[in-house]
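To start, the structure under review is shown below, and the notes come after it.
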Amino acid sequence: CAQAYYDAFPALLFFDQDTVYSTETLDYISAFYGRNESLAVSYSSVVFNSKSVDDSGNLTDPQAVGDTIKDVRLAINSGSLYFLNNLKKMNWHSTKYFVDCVDYEFNLSSSNHHFKIGEHSATPGFDHCSEQGDTRYKVFGVVLPMRAYRFSRIKDTYCASTKLFWKALVTGNLTYAVEFSKSIHKYL
């Protein structure tokens, strides 16, 4: 992000290595950004995904049509359009949380710097699920995607989440302390 900023780019679009996207996805996000550059005033990022698009490519949520974004507290980084002036004010991403919880630390930092995070859930050609290696399990009648992790990864995520919980408390951000507490328990 810093390199893109110093190369005079106003925004940067980030995808994880296991996120599938198409030219249509890139064109869609580029056009969205062109129509909504003013979001950079109050948002650190907008995360794009396809939560409101079903398997056939049709919208499942009529509210997600157009340029609608929803403010969210916790968002993953993959699919995020970062507004680089705001990231500079936040001192970029923390290198203390690589790789586990770097996205949640970014969410907390955004909040602490009075920036919002938006989510746009009607992005065509966006797929963050098929390359994840999740297996679907039925738990109390609800089908949940889950993934087997090594114990060391679980431990690292738990430790990073606990650090974030304490960081939220120390910075006086009780809302995020509660969010991280819920997230830790859900993860475990």
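Can you name the residue in segment 147-188 that is of a type in the set (Val, Ile, Thr) and open to solvent by less than 60 Å² (accessible area, probe 1.4 Å) and, of all such residues, is modelled with the lowest pLDDT?
Restricting attention to segment 147-188, the residues satisfying the condition of being of a type in the set (Val, Ile, Thr) are 154, 157, 162, 170-171, 175, 178, 184.
Okay, now just the ones that are also open to solvent by less than 60 Å² (accessible area, probe 1.4 Å), so 154, 157, 162, 184.
Values: Ile154: 85, Thr157: 90, Thr162: 95, Ile184: 90.
Top of the filtered list is Ile154.
This table checks each residue for (1) surrounded by fewer than 18 Cβ atoms within 10 Å (Cβ to Cβ); (2) modelled with pLDDT under 95; (3) over 17 Å from Met90 (Cα atoms).
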{"site": "Ala4", "(1), (2), (3)": "yes, no, no"}
{"site": "Ala8", "(1), (2), (3)": "yes, no, yes"}
{"site": "Gln17", "(1), (2), (3)": "yes, yes, yes"}
{"site": "Tyr21", "(1), (2), (3)": "no, yes, yes"}
{"site": "Leu39", "(1), (2), (3)": "no, no, no"}
{"site": "Tyr43", "(1), (2), (3)": "no, no, no"}
{"site": "Phe48", "(1), (2), (3)": "no, no, yes"}
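Evaluate segment 119-128: report whether one residue or more is at pLDDT 90 or above and part of a strand (DSSP E or B).
yes
Look at Leu144 and say whether it is surrounded by fewer than 19 Cβ atoms within 10 Å (Cβ to Cβ) and either assigned to a strand (DSSP E or B) or of a type in the set (A, V, I, L, M) (or both).
Working: surrounded by fewer than 19 Cβ atoms within 10 Å (Cβ to Cβ): yes; either assigned to a strand (DSSP E or B) or of a type in the set (A, V, I, L, M) (or both): yes.
Spelling it out, Leu144 is indeed surrounded by fewer than 19 Cβ atoms within 10 Å (Cβ to Cβ) and either assigned to a strand (DSSP E or B) or of a type in the set (A, V, I, L, M) (or both).
The values are calculated or read from the model by the stated rules, or taken from the named source; none is laboratory data. Just so you know, these numbers come straight off a predicted model, no measurement behind them. All Cβ positions, glycine included, derive from the backbone under ideal geometry; neighbour counts span all protein chains shown. Quick note on the areas: whole protein, heavy atoms, side chains included, nothing else; ligands and nucleic acids left out. Shrake-Rupley method; radii C 1.70, N 1.55, O 1.52, S 1.80 Å.
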